[in-house]
Structures are given as C-alpha cells and as structure tokens.
Amino acid sequence: MQDLQQEIKQLIIDSLNLEGLTLDDIDSQAPLFGDGLGLDSIDALELGLAIKSRFGIVLSADDENTRRHFASVDALVALVQAQA
C-alpha cells in the first residue's frame, strides 16, 4: 500500500504541475480539496484523467461515490486496490 500511496502522490504532483510539493508534503489522510491540499474542481478533472490514464479507472462526475473516492490519497488508494 505504501508504494501505491507514493505513486498516487507523484501522480497528483505531476498531473497538476504542483512542482513546489514533494511526496512528504502530501498527507495521505488529509482532504485533497478545501482545507487540505486545496485542490479545486478543475484539478479534480485533471486528476480524474490522470487516474484513468494510469490505472484505467473511469470516474463519473454524476456518480455519488466520486466525491468519496477523491476525499484523500488513502481514498484513491482504496479505489485503485478495489479495481485491481
């Protein structure tokens, strides 16, 4: 799980061009949006495309679970593990 956490953190940094951040700057349990990492809806779209490209997982904006999946790095890890 640790490796997958690191991979998803790197995916977030790379896909959103967060060049000032390191893997250690991203708390795996902190919210990705709002008070946590501070991502917005445009970032969500970009991250969704990156998740689709890297892991083959398609997330729908209309799906009520999408917000839960994007809650934190750990939530994304759980999603990827469940889809594997």
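Bear in mind that the values in this text are calculations on the coordinates, not laboratory data. The structure presented is a predicted model; accordingly, all values stated were derived computationally and were not measured. We place every Cβ from the backbone using ideal geometry, glycine too, and count neighbours over all the protein chains shown.
A few remarks follow.
- Inter-label distance, Glu64 to Asp27: 2.9 nm, where each label sits 7 Å from its Cα along the C-beta direction.
- Net charge of neighbours whose Cβ lies under 15 Å from the Cβ of Asp40, counting Lys and Arg as +1 and Asp and Glu as -1: -2
- GNM result for the chain, Cα springs below 10 Å: residue of Leu18, Leu59, Leu49 fluctuating most strongly: Leu18
- Phi to ³J(HN,Hα) by Karplus 6.51 cos²θ - 1.76 cosθ + 1.60 over segment 77-84, Hz, x for Gly, Pro: 4, 4, 4, 5, 5, 5, 7, 6
- Separation of segment 1-15 from segment 33-72 is 14 Å, based on Cα centroids.
- Nonlocal amide H pairs with Leu39, under 5 Å, H built at 1.01 Å: Phe33, Gly34
- Overall dimensions of the chain as given by Cα atoms, namely Rg and Dmax in Å: 11.6, 32
- Label point distance in nm, Gln83-Leu45, each placed 7 Å from Cα along Cα→Cβ: 1.9 nm
- Across segment 13-25, coupling constants 3J(HN,Hα) worked out from phi with the 6.51/-1.76/1.60 Karplus curve, θ = phi - 60°, read 4, 5, 6, 9, 6, 8, 4, x, 9, 10, 4, 5, 6 Hz, and Gly and Pro carry x.
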